[in-house]
Amino acid sequence: MPALAIAQQKNKNYLSREDISQIAKIFDVSESYAYGVATFYTMYNIEKVGKYHIQIDTCVSAFLVGADAILARIEKKLGITAGQTTKDNLFTLSKIQDLASCGTLPVIQVNNKYYENMTIKKTEALIESLKAGKMPESDNSQNIVSECKILLKNRLNPKAKNIDEYKKSGGYQALNKALAMMPADIVGKVKEANVKGRGGAGFSAGIKWSFLPKDDPRPVYLIANADEGEPGTFKDRQIMEYDPHLLIEGIAISAYAITAKTAFIYIRGEFGWIADILEKAIKEAEKDGQLKHLTIIVHRGIGSYVCGDETAQIESIEGKRGNPRVKPPFPANLGLYGCPTIINNVETLSCVPFIVEKGAREFKKIGVSGSFGPKIYGVSGHVNKPGVFEYPLGTPLKTILKTAGGVKGKLKAVIVGGLSVPILKADEIENLNMDYDSCLQANTMLGSGGIMVINDTVSIPELALRTIEFYAHESCGQCVPCREGTQLVKSRLKGLIKGLGTKEDIDLIIKTCQTITGLTLCPLGDAFAIPVKSMVSKFRDEFESLVKY
Amino acid sequence: MITKMIIDDKEVPFDQGQTILEVARANGIYIPSLCYHRKTGQASKCRICVVEVEGMRGLQTACSIQARENMKVVTTNDEILTARRLIVNLLLASGNHDCLACEANGVCELQEVAYKLGIEKPAFIIADKEKPEYDDSSEMIVRDIKRCIQCGRCIEGCNKTVVNEVLDFGYRGHETKVICDDDKIMGESSCVQCGECAQLCPVGAITDKKSIGKGRPWDLKKVRTTCPYCGVGCQLYLHVDENTNNVVKVTGYEGSLANDGALCVKGRYGYDFINSKERLTTPLIKENGKFRQASWEEAINFVASKFNSIKKESGSDAIAGLASAKVSNEENFAFQKFMRKEVGTNNVDHCARL
Amino acid sequence: MTNDIPGIKSSDVILIIGSDTTSAHPVIGSRIKYVVRHQNVKLIVIDPKKIDIADYATIYARQRCGSDVAVLNGIMHLIIKNNWYDKEYVEERCEGFEDLKKVVSEYTPQKVEKLSGIPEKQLQEIAQLFGTAPTASLYYAMGITQHTTGTDNVWSTANLQMLCGNLGKEGGGVNPLRGQCNVQGACDMGALPNVYPGYQKVIDETARQKFEKAWGKKLPEKVGLTVTEMLKAADEGKVKALYIMGENPVLSDPDINHVRKSLEKLDLLVVQDIFMTETAEFADVVFPASSFAEKDGLYTNTERRVQRLRKAVKSPGKSKEDWVILQKLANAMGSDWNYKTACDIQDEICSLTPQYGGITWDRVDEEGLQWPCPTKEHPGTPFLHKGKFARGKGLMKGIEFKEPNELPCKEYPITLTTGRVLQQFHTGTMSRKSQGLNNLAGPMVMISVQDAETIGVSNGEKVKVISRRGEIEAPAFVTKRIGKGTVFVPFHYREAAANLLTNPAVDPVSKIPEYKVCAVKIAKA
């Protein structure tokens, strides 16, 4: 896969069939295999693109804050529609799903650069500048609050990327302490701290580690899941971009604990510049002698949401199409290259230095029973000051919304844990605390902690359509219920919005979503079935009002 | 130790490592499956083999769960049937699955599941499907992509059984499709047309071009025999239309030790000679440089008396015979016996060397 | 094959020499490709053409046509020199090691490079990979046998496998791939001039008496003529009548012009076939026979597996099964054959052929049976020479390299080698009746890029190939897969018959003609 990426880079951002075929030969794989990989990931351009590839995020959160209007303006200005290239080959315009910049929306990606906090005016200026052959600087400021001062403590310190600066505030002390401990003791500590997976599934990291087979001759791999792709989520990049050594220290300790000699950071391909930051930081750490026990490899994704799934990520690192694997076997037993593998989210791993340094007991002092430690919440959508906020688990949603400058307009609904969790109506969030158990009690999930606020200007059927469009686009296509089910739901939602739907369609959507839940090969089926079902059933009247026949 | 589990209240034995699906099949219990095949293994893609396993949350695919001692499995209940119906409906709605002229009618596994579930036509239509693709560029194989259910058997077969490495999945999500090389049409790809993909296809998406319209599976007699080409000895089925006395299709015999169902382009598609109009149908005797038809009696007697007279005049060794690497053992035995015993010479050979 | 097809999966290293496996034996080719791709088995391919399966090889080496003995000796030289051979095995199970060692000691990599064109370093890599493998198997086909040194070649492959202790174990073996569906069975059934069924020698008194007793008639004592000798004898007037059942020497034998001449001289040519073949056209009498689909019986495949042939359709017109015709003819000549079915013949085979003693139609029904299978209870034999060799000790023999009979010269500077393509079979009697197969593969001359440039032809343009014996014309297939100075012509096509060109010189022991090497010149047509 990196070979394909290099070939594309060297050829004006275009991956030609000749190059694919050459690469297949070099790596002794079939042409269809190589072409299959190249066409799975969206960042490979198998069609020629213009000098400036403008991609605008039109996913759910962006939709909430007017990305469509910006898209329309660009289309008008360039005289092309999304998916086309201008005649002079200067611009290619595409819609893109979720760039993990929900706090700084609308966002436009030009080649490898993000332009955040865009407005129509800024967009016009951007295009003018590009026409003049200049990539302008971007403004990516956002609202940051770090209550716990653990995960985002260095977020506002621009120098913290530097290892010396990081060490000044006690960095790498936890690692040194860990290296003097027995690996099993560290696993014990993490287990005791009961740090739950911050990627979305909420499974205890310590317990996951203890699933590794004992006395196994095969090497163990650690993968830091930095594929942050869940719409509404933009937290991991805050750590990686501004405090990379925190993650590296977390990886270094965790790898030592599980006896991994090689660790990967699987970072989504759109975060190219963050990957550069991480690579630089790893070099610094190596030079500083922090990584004698470990090699860390930054592996860039190449455009696929489903690669956030553990097993799809493994396939992707192995250079295959990002198809999730059938479980069992689980990665702890049979993961990367057939070896025991642990995959943890960036935020989860970043909690580890604190646990080692201060102890599990200190960690458990933060948060509430069953949900310990700090959590980064990203708030996007209809709030006055969107941003990322580090609070203890169990903090009331209201508090977080207040930090985000309060709701813009009249609150209609909130999605509290990234797009794949059930939506909550305004009255359901009154006393909601943001921890695992409270969310479950409210019939939703904490997920990734990506909070999307929706006011009464938003049509829920439109929202549901955007939701299913995202998952349909990201479905790997392996299993029938997901591949075809997304199409069915999408077609019915489209029909309803066009005024061609019936009440039976509404029932069909609900029933289909219900059946698909738990039926698919990987969690992606649940990820669309559950939220769409909740949107339709909770706001059924809005859907019914669209029925004309 | 005898291991046993319980499927639908029936106690059944199993071997370590067998999946629930394999155990069920071995014991005559019906669990539908569209992607699993003995040769291509578990894929867990169609999800139609879902069952309920006691102690496990939600439905489980029978093809992916290994049988355990005393495991209790339910193969049919409302939840399972709802799931299966949805899957069949989704497949029917998303492709072109009209059976009337489909070559797979009668052996189609999707049709079979729909039949078992009592689904006559899809419960819904998915409007925005536009995949009108029909690839008949290949000499021997037709791909009707609208009928493809993307089970992946053809790909597994192409890569793992015959290892010709032509097919794979390309694109993603709903756009996913089976591609030849870098998405070439089959006739221009590196495909060697062994037909393994057609043999493994559970529906009518990949079929043998020459057999189209030549007979319904239920009208054809299947006769197992040995391939007449090279020395591998592939086992195959000749599909015979008894009304016309024609072989209209050849498939590999699954499970045979020599070839396990696989064939090559000659064995699978080179059967025209059997029905050829050019076949010799009557004995011929040459007169004045031209052949004329003769009765068996005349031809046999002619040769017999000639042989006898040459034997008498020039001795037995003035006669020689070539047996054949293409006829049966019995016939070769009879030939050398004829030469040695009746003619009286060891001048017998065949083209082993050629 | 000494071993069986399922055993392919038990090899660590596979050597293919002189077999275009994916073209001539595609299903075995697939099995080999499978273990290479998915079980990490290493493959070595040695062939004058870079055949398709070479793409799967760890090492592919291109030898000069006809230099196989030198190559194999070179490999053995290195294996002995580096002590990679199986000393224990050689000591316990073989004899003649010193003789072999003495001969191969001369075949240094330098010398072998000169003789074969395989670079020293590559030969070393081959020897190391093969010699150090726990279990290695060797596959060959006509690329080994169709030489005037064919017997030497075969013996060399056996030397190598004995040296490495690879004979008599699963996943090892010397595995000639038989080219036709029942060529193994025809040999087993004694359709050979020197042996009765089961390789019982006609010159052996006891064997002869056994058959004389069974058949109630005195049998000839002298070894008979081989195909090529028969044709020569016909030309000389010594053979006056020829009875050909299901063969097509006019396309399959070397130097076709000579074959035609010989056939014309016969007093009587009887051809029994399913088609009016090129040979049948020369016949005085033609008997119409049944095809494989119209009869019951047994075939024996390349791994000695005896399998069923089952009747699927009725024979067209008056055509009859070959054994029925033979019975008619025998009885017309005054004999008293009385077989009711082919199965009756099988009963006789069982009683007279030790290897087939336990092989009945019933027993081979599902999976077949591999001979030797001497009794009704015997399970068959997947691989030969287990524990000890049939003859006792395996005989190793030093073999010196000899050049092919006809080498390129000033007038005929190019080496012609012949063989098969995937889509056609042998003389095309069967495969060429399929329009589809014809569309896929027509006549061609495979020619190197350099030679094509020299004579100024491009892909698809007609090229003339001329030897001392004849000439043909066919479209050029210009490819990097063949080396400079060599052309390849498949022998399936009557309109561009490779065997018009080939040299009828034969191996002195096996009498196999040298189809794989002769001298030709080429020109743009």
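Could you state how much accessible area is buried at the B-C interface, both sides summed, with a 1.4 Å probe, in Å² to the nearest 100?
Numbers: alone 20920 and 23770 Å², together 33520 Å².
That pair hides around 11200 Å² of surface in total.
Just to be sure I understand the model, the point goes 7 Å from the Cα along the line to the Cβ. What's the resulting A:LYS410 to C:ASP344 distance in nm?
10.1 nm
Can you give the Kirkwood hydrodynamic radius for the range B:97-185, in Å, rounded to one decimal and based on Cα pairs? Walk me through the numbers before you get to the answer.
On the way: mean 1/r = 0.0672 Å⁻¹.
Taking the inverse mean of 1/r over all distinct Cα pairs, the range B:97-185 comes out at 14.9 Å.
So how far, in whole Å, is the C-alpha centre of the range A:466-526 from the one of the range A:279-318?
A separation of 33 Å, based on Cα centres.
Taking every pair of Cα atoms in chain B, average 1/r, invert it to obtain the Kirkwood radius, and report Rg/Rh to two decimals. Show your work: numbers first, answer last.
Working: Rg = 27.2 Å, Rh = 24.3 Å.
Reported Rg/Rh, Kirkwood definition of Rh: 1.12.
How high is the relative contact order of chain C? Use alpha-carbon pairs under 8 Å, at least six apart in sequence, and give a whole percent.
Worked out over chain C, it gives 17 percent.
Please report, largest first and rounded to whole Å, the three semi-axes of the ellipsoid equivalent to the range C:6-177, where each semi-axis is the square root of five times an eigenvalue of the C-alpha gyration tensor. Spell out each step's value before the answer.
Working: eigenvalues 100, 70, 43 Å².
Equivalent ellipsoid of the range C:6-177: 22, 19, 15 Å, largest first.
Looking at the range C:224-328, which GluC sites (Glu not before Pro) are DSSP coil and have at most 10 other C-beta atoms within 10 Å of their C-beta? Display every interim value, and only then the final one.
On the way: sites: C:GLU229, C:GLU236, C:GLU247, C:GLU264, C:GLU278, C:GLU281, C:GLU294, C:GLU303, C:GLU321; in loops: C:GLU236, C:GLU247, C:GLU278, C:GLU303, C:GLU321.
Hits after loop and neighbour filter: C:GLU236.
To check my understanding: the extent here is largest minus smallest coordinate of the Cα atoms along each principal axis. What are those three numbers for chain A, in Å, largest first?
70, 58, 45
I'd like the distance separating the alpha-carbon centroids of the range A:15-44 and the range B:197-274, in whole Å.
34 Å
Would you kindly find the accessible area of A:MET445, with a 1.4 Å probe and non-protein molecules such as ligands, DNA and RNA excluded, rounding to the nearest 10 Å²?
Accessible area, nearest 10 Å²: 70 Å².
For peptide C:48-61, what's the mean number of Cβ atoms from other chains within 10 Å of each residue's Cβ? Walk me through the numbers on the way to the answer.
Values: counts 0, 0, 0, 0, 3, 1, 0, 3, 3, 0, 0, 0, 0, 0.
Going residue by residue through C:48-61 and averaging, the value is 1.
If each of C:GLN435 and C:GLU400 carries a label point 7 Å out from its Cα toward its Cβ, how far apart are those two points in nm?
5.9 nm
Report the relative contact order of the range A:449-544, percent, no decimals, based on alpha-carbon pairs under 8 angstrom and at least 6 residues apart. List each step's numbers first, then the result.
Numbers: 97 pairs, mean separation 31.5, N = 96.
Reported relative contact order: 33 percent.
Using the heavy atoms of the protein chains alone and a 1.4 angstrom probe, what is the accessible area of the range C:6-177 per residue in square angstrom? Please list the in-between numbers first.
Numbers: 5500 Å² over 172 residues.
So the range C:6-177 comes to 32 Å² accessible per residue, rounded to a whole number.
Given the DSSP H assignment, sum -39500 (n - 2.57) over each helix run of at least 4 residues in the protein assembly as shown and divide by its residue total; what's the result at 222 nm in deg cm²/dmol, nearest 500? Walk me through the numbers on the way to the answer.
Working: 50 runs with 468 residues, N = 1428.
Calculated mean residue ellipticity at 222 nm is -9500 deg cm²/dmol.
For the range B:217-275, what's the relative contact order in percent, using C-alpha pairs closer than 8 Å and at least 6 residues apart? Let's see the in-between values first.
On the way: 111 pairs, mean separation 16.4, N = 59.
The value is 28 percent.
Summarise the partner chain shielding of A:35-44 as one whole number: the mean count of Cβ atoms from other chains within 10 Å of each residue's Cβ. Numbers along the way, then the final one.
On the way: counts 10, 13, 3, 3, 11, 7, 1, 1, 0, 0.
Other-chain Cβ atoms within 10 Å of each residue's Cβ, averaged: 5.
Arrange the residues A:GLU318, C:GLU120, A:GLU474, C:GLU88 by how much accessible surface each exposes, largest first, with a 1.4 angstrom probe.
On the way: A:GLU318 40, C:GLU120 65, A:GLU474 15, C:GLU88 130 Å².
Greatest to least solvent exposure: C:GLU88, C:GLU120, A:GLU318, A:GLU474.
So which residues in the range B:146-170 end up with at least 50 square angstrom less accessible surface once the other protein chains are there, compared with the chain by itself, probe 1.4 angstrom?
B:LYS160, B:VAL163, B:GLU165, B:ASP168
Which residues belonging to the range B:69-115 lose at least 50 Å² of 1.4 Å-probe accessible area when the assembly is complete, relative to their chain isolated?
B:LEU86, B:LEU90
Could you tell me the calculated FRET efficiency between A:GLU128 and A:ASP164, based on Cβ-Cβ distance and R0 = 35 angstrom, to the nearest 0.05?
0.30
Give me a single rounded figure for A:509-522: the average over its residues of other chain Cβ atoms within 10 Å of their Cβ.
On the way: counts 0, 0, 2, 4, 0, 2, 9, 5, 1, 7, 12, 2, 7, 1.
For peptide A:509-522, the averaged partner shielding equals 4.
Of all the Cα-Cα pairs you can form in the range B:315-354, what percent are over 16 Å apart?
Details: 234 of 780 pairs.
Percentage above 16 Å: 30.
Apply 1/(1 + (r/R0)^6) to the Cβ-Cβ distance of C:LYS111 and C:LYS87, taking R0 = 25 Å, and write down the FRET efficiency to the nearest 0.05.
Working: r = 25 Å, r/R0 = 1.00.
Calculated transfer efficiency: 0.50.
Within chain A, which is the longest segment that contains none of the trypsin sites (Lys or Arg not before Pro) sitting in a DSSP loop with at most 14 other Cβ atoms within 10 Å?
Details: sites that count: A:LYS12, A:LYS48, A:LYS87, A:LYS134, A:LYS149, A:LYS214, A:LYS292, A:LYS410, A:LYS498, A:LYS548.
It runs A:293-409.
Only sites in a loop by DSSP and with at most 13 other Cβ atoms within 10 Å count here; which GluC sites (Glu not before Pro) in the range A:1-93 make the cut?
Values: sites: A:GLU18, A:GLU31, A:GLU47, A:GLU75; in loops: A:GLU47.
Answer in residue order: A:GLU47.
I need the per residue convex hull volume for the protein assembly as shown, using only the alpha carbons, in cubic angstrom as a whole number. Intermediate results must be reported in sequence, preceding the final value.
Working: hull volume 289.5 nm³, N = 1428.
Per residue, the Cα convex hull of the protein assembly as shown comes to 203 Å³.
Scattering from the C-alpha atoms of the range A:7-162 alone, worked out with Debye: what is log10 I(q)/I(0) at q = 0.16 1/Å?
Debye curve over Cα of the range A:7-162, log10 I(q)/I(0) at q = 0.16 Å⁻¹: -0.95.
Could you report the buried accessible area between A and B, both sides summed, computed with a 1.4 Å probe and given in Å² to the nearest 100? Numbers along the way, then the final one.
Numbers: alone 21960 and 20920 Å², together 39610 Å².
Interface between A and B: roughly 3300 Å².
Calculate the spin-label point distance for B:GLU120 paired with A:PHE330, positioning each point 7 Å from the Cα along the beta-carbon direction, and give it in nanometres.
4.8 nm
Can you check how the C-alpha radius of gyration of the range B:3-76 compares to 2.2 N^0.38 Å, as a plain ratio?
Details: Rg = 11.0 Å, N = 74, 2.2 N^0.38 = 11.3 Å.
This ratio for the range B:3-76 stands at 0.97.
Using a Förster distance of 45 angstrom, determine the FRET efficiency expected from the C-beta separation of C:ASP55 and A:ALA426, and round it to 0.05. Can you show the working numbers first?
Working: r = 64 Å, r/R0 = 1.43.
Result of the calculation: an efficiency of 0.10.
Return one whole number: the accessible area per residue of the range A:367-455 in Å², for a 1.4 Å probe.
Values: 2720 Å² over 89 residues.
Using a 1.4 Å probe on heavy atoms only, each residue of the range A:367-455 averages 31 Å².
Which log10 I(q)/I(0) values, to two decimals, does the range A:354-506 give at q = 0.14, 0.18 Å⁻¹ under the Debye formula with one point per Cα?
With no solvent term, the Cα-only Debye profile gives -0.78, -1.07.
The values are calculated or read from the model by the stated rules, or taken from the named source; none is laboratory data. Just so it is clear, the model here is predicted, and its values are computed rather than measured. Counting neighbours? That spans all protein chains shown, and the Cβs are built from the backbone with ideal geometry, glycine included. Please note that ligands, DNA and RNA were not included when accessible areas were found on the heavy atoms of the full protein model with its side chains. Shrake-Rupley method; radii C 1.70, N 1.55, O 1.52, S 1.80 Å.
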